[in-house]
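**Q** Take this structure first; my questions come after.
The values are calculated or read from the model by the stated rules, or taken from the named source; none is laboratory data. These figures come from a predicted structure and were not determined experimentally. A quick note on method: Cβ atoms are made from the backbone with ideal geometry, for glycine too, and the neighbour counts reach across all protein chains shown.
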Amino acid sequence: MSPPEAPRRSSLALVPAILAGLILRRTGAVPPSAAAAPQDPHGDDWDYERSDAEAGKTAWVMLGLAGAVIVTIGAVLALNHLVLGRQRAALPPLTAQQTAAIRPPPPNLQADPYGDIDAKEADEAGRLAGYAYLDADRTRARIPVDRAMALTAGRPFDPEPAAPARDSAVSPQPRTGTAP
């Protein structure tokens, strides 16, 4: 497979540009001296970087920028103070309930909070692991979770309905003998 050929540029495409340039010269819109290559006004010994940037001008620019930043911050703070002052003046005064100090009821501190947590956890663990009656009539009891799981494992949650009791007097007698 051969590589694709690049499109050929026609040399005739420059003809309109050349004609436009000639027309501009003939009409006087572009003087003939402007068409020539520009001459270097500084001569051959001129270089582009004779020295660094001027430190004095750079310092004045930096001071001007710093001053502008400081003035802007001051203006923002002044406007903020002015606006907040007006907002505070427009608010109604606080009530006695809003200004009262909030104090929690005593006792305010625990002597040993970690000990209290350990005692509570031990009490709860004892309740979960021990046996006890829940009422004074001793009709309901609390048993450990492991024991309750062992008792109910493999049993359905809904008990099956009891089968009706058969009465022996009413039960049919088995047939004996031959059919007529």
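**Q** Checking Ala35 against (1) modelled with pLDDT under 85; (2) under 55 Å from the mean Cα position of the chain (by Cα), which single condition isn't satisfied?
**A** (2)
**Q** Still on this model: Looking at Ile70, Ile117, which is the one that is under 47 Å from the mean Cα position of the chain (by Cα), closer than 30 Å to Asp146 by Cα, surrounded by 10 or more Cβ atoms within 10 Å (Cβ to Cβ) and at pLDDT 90 or above? Reasoning before the result, please.
**A** On the way: Ile70 fails: closer than 30 Å to Asp146 by Cα.
The conditions single out Ile117.
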